[in-house]
Amino acid sequence: MTYLIKNATYIDENNQLVNSDIRIEKGKIKKLGKLSQTKTDQVINGEKYLISPSFVNAHFHLGETIYRGFAPRDSLKAYLSYTESVASSEEKVHTTISQLSIAESIETGTSTISCARGWKAMKKTPLRGLLSYPLMKSKKLIKYYKNDLFEETLQNEEVLTKNKTQKVKVGLWIHSLDKIDEERLKQVSKILTKNKKIMLTIHVGETKKQMQRTINKTHLTEIELLDKYGLIRAQTNLVHLNHCSLKDLTTIANKKANVTLCPTSNACLNTGLPDISTMQKKGINICIGTDGLATNDSASLLEACKFTFLLNRSANISPKALFNMITKNPAKTLGFNNGVIKEGKYADLNFFEINKPNLHPIKNVLSNLIFAGPHIPSKRMIDGEFVFTKTKNIISNFEELVQ
Ligand SMILES: [Zn+2]
């Protein structure tokens, strides 16, 4: 379909409000400006909307939603042991939970996610994503890996391309340095040296204890250990980073690795908060992720921006910087051509009703979107097509699982 959005008010690549027409063709933003209606399948009156790029969630867990509202929040250890004790390893169960998590993401204006597995559930949705192979020992994954999970994944490089589609990239996901030994790290390093574009995701410095355990074991910080094996790189997404040294942040900046913060989840589990001011000063590419929905508990990235500001008050992060952390920056981290309204980018757009009282005064629209919520888009476009979520069946299948 070819769309022409007439008189649209949108957030441009510099995060300024602009008024012009937007032409959508073959899934992309073809042209911006004063445009003619010729050869257009559908003309949309843009005056009713504030249009933003759709959001990119740089860290998400599809399967954790099943524990929302009742998993303990006392500590990361308590949370992980609880979820491990009640986990199901059935692929069908994971797919059902994933469908709910995906629907919720779409509803809140997210077009792109980064998480572990979920390929089957993603096939049925319009979402884009980086879906990675989890390299960890967990009860949840027993059926997923028939024999040894590293043998299955790392010895068989086919897995790096098997589930790849036009919208889905495949990466590797190390849960944390607690769950992997140095021999395995070497194997990961070997694979990634050969496959430079493959993204590596890892939880790092989530808790102080986690940080200390690696130092005690190896006499290196987590970042030093990863760097020893060439794993601090532009295709690495370091998640959390509440606890690390200044030297570590310099290494991350020099190696152009990416950092994804999940302050809402961190505050929920009381694991600590990141030093965003220093990260910003060092020019690190910072993203915000929601983390799983049992420790957040919302898939809304706008809400995650608000908490990031409030929980890290001393960093005084501007609305523009916050907005970049859920659009441009994660699009760069995950390598997707979206996150900004610009000619040639994917037409992944959110349409917010411009006449909602909580968007006004519209002088600082990014601030209003982030702080005066909730804001849920009334229309969402992914890949140049409007997307709709039919949640009735998804919810009833999900509720059956919870029983
Ligand atoms: Zn996580």
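Close amide H partners of residue 201, meaning residues 5 or more places away or on another chain with modelled amide H under 5 Å apart, are 172, 173, 174, 237. In the chain, helices alone account for a calculated mean residue ellipticity at 222 nm of -9500 deg cm²/dmol, with every DSSP H run of four or more residues adding -39,500 (n - 2.57).
The aspartates and glutamates whose alpha-carbon is closer than 15 Å to the alpha-carbon of residue 92, local same-chain residues fewer than 8 away aside, are 64, 399, 400. Work out the charge dipole of segment 55-334 with +1 on the Cβ of Lys and Arg and -1 on the Cβ of Asp and Glu about the Cα centre, then indicate which of 76, 330, 105 is farthest towards its positive end. Working it through, the farthest residue towards the positive pole turns out to be 330. Segment 225-300 and segment 312-382 have Cα centres spaced 21 Å apart. Computed from Cα positions, the angle between helix 208-218 and the longest principal axis of the chain comes to roughly 50 degrees.
When the square roots of the Cα gyration tensor eigenvalues are ordered a ≥ b ≥ c, the ratio a/c for segment 240-359 is 1.5 or more and a/b does not exceed b/c, which makes its shape oblate. Taking 7 Å steps out from each Cα toward its Cβ at residue 215 and residue 80 produces label points 1.8 nm apart. Projecting label points 7 angstrom from Cα along Cα→Cβ for residue 342 and residue 363 puts them 2.9 nm apart. Bridges between two residues of the chain, per DSSP, are antiparallel at a rate of about 40%. Against the chain, whose longest principal axis comes from its Cα atoms, helix 392-402 is set at around 20 degrees.
Is the chain best put as rounded, prolate or oblate by its Cα gyration tensor, with a ≥ b ≥ c the root eigenvalues, rounded for a/c under 1.5, and otherwise prolate when a/b is larger than b/c, oblate when not? Here the chain falls in the prolate category.
Backbone geometry of segment 280-296 corresponds, through the Karplus equation with coefficients 6.51, -1.76 and 1.60 at θ = phi - 60°, to 3J(HN,Hα) couplings of 5, 4, 7, x, 6, 6, 9, 10, 10, x, 7, 6, x, 8, 9, 10, 10 Hz, x marking Gly and Pro.
Which pairs, out of 48/169; 26/169; 247/328, put more than 28 Å between their alpha-carbon atoms? Beyond 28 Å: 48/169.
With the Cα gyration tensor of segment 295-369 giving a ≥ b ≥ c as the square roots of its eigenvalues, does the rule (a/c under 1.5 for rounded; else a/b larger than b/c for prolate; else oblate) give rounded, prolate or oblate? Display every interim value, and only then the final one.
Values: a/c = 1.68, a/b = 1.14, b/c = 1.47.
Here segment 295-369 falls in the oblate category.
Computed from the coordinates by the stated procedures, all read-outs in this text should not be read as laboratory data. This one's a predicted model, so the numbers in the text were calculated from it and none came from an experiment. Positions of Cβ are generated from backbone atoms using ideal geometry, with glycine treated the same way; all protein chains shown enter the neighbour counts.
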